[in-house]
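To start, the structure under review is shown below, and the notes come after it.
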Amino acid sequence: MSRVRKAVFPVAGLGTRFLPATKVIPKEMLPIVDVPQIQIGVQEALDAGIEEIVFITGRGKVSMVDHFDVAFEVESYLRDRGEEKLLAVVEEISQKARITSIRQKRPLGLGHAILCAQPAVGDEPFAVILSDDVIRSEEPAIGQLVRVFHAHGGGVVAGLRVEKHALSKYGVIDPSGEPPPAPGVTPLKGMVEKPKPEDAPSDIAIIGRYVLPPEIFPILERMKPDAKGEIQLTDGLRGLLEHTRLYAYEYEGKRFDAGDKLGFLEATVEFALEREDIGPAFRDYLRRLTDSW
Ligand code: G1P
């Protein structure tokens, strides 16, 4: 079975939930403390051994691609002033990741964004990372899915149990009922995009990490847009089930919905508390703040 070498990041979205901040700044560039969300996702992919990053971009995303390029002026400024630590941080971003970017010319949904990646992915399995699902874990979340993919083949989606009322925000898996081939691995017979809670086939939501075989491309290519004018990845995955097995994996880690204001704040607080430089002072501040309530 081929190795998973490439990760696709669909990043063409307009980020309307974070207006006005995202009027000219891509939402993926909003930082959790001082690291842009997209960089957290790219780092996760690199930590999992992925070598090539494919951005599916849209209008106004140039700064995001620039972020991973060499920043000559900034680097020579830091070098001249002997700011070695900061220089290393900035240089690392442009040295580690091999980036390709492809324009998604029309906003036709997540399935269409993945289809746009075909020329860069070719005929091999690949990872998909939705960077506003920020996951903190010991082993990179996408690496955990790659491991399941290598053990069981087919395709793998990240699964997370959520409360019933929240299911309508997600794709929801329909388990086949077969015994799990390994702990946390659920064989699927279907999935539904954003069902009403009473119609949901399970309480396991699909989170933004996938490992997919290239057979998904012709399926997405044949699909017609839905009532919203979009090609849903979830519908494409259902089509994929006619060709191959799909599994949901309940990964280890804590996920933040950084595409939502509250989730973004939660991620900011928890990442800040973990930091060696500002964590202790921030913890003190939070204590003083809660004491004063
Ligand atoms: C997308 C997918 C959905 C998945 C979610 C994970 O939805 O369509 O199936 O559960 O990402 O974050 P979106 O959040 O783009 O509406």
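Annotations for the structure displayed:
- Matching entry among ASP235, ASP260 (being within 13 Å of the ligand (Cβ to nearest atom), more than 23 Å from GLY155 (Cα to Cα) and of a type in the set (Asp, Glu)): ASP260
- The numbered conditions (1) away from the ligand (no atom under 16 Å from the Cβ); (2) touching a Gly at 6+ places or on another chain (Cβ under 6 Å) are all true for LYS27 except (1).
- Only residues that are closer than 22 Å to PRO225 by Cβ and small (Gly, Ala, Ser) were counted across region 148-195, and they come to 3.
- Listing of strands (runs of 3 or more DSSP E) fully contained in region 85-204 that carry 2 or more residues being more than 16 Å from the ligand (Cβ to nearest atom) and either closer than 24 Å to MET223 by Cβ or at pLDDT 95 or above (or both): 98-103, 185-193
- The condition (being within 16 Å of PHE256 (Cα to Cα) and without any contact (Cβ under 8 Å) to a residue 60 or more places away in the chain) is satisfied by just one residue among VAL162, VAL172, VAL192: VAL162.
- Entry remark, region 114-158: residues being among the acidic types (Asp, Glu) and without any contact (Cβ under 8 Å) to a residue 24 or more places away in the chain number 0 in total.
The values are calculated or read from the model by the stated rules, or taken from the named source; none is laboratory data. All figures in this text were calculated on a predicted structure; none of them were measured in a lab. Note that each Cβ is placed from the backbone with ideal geometry, even for glycine, and that neighbours are counted across all protein chains shown.
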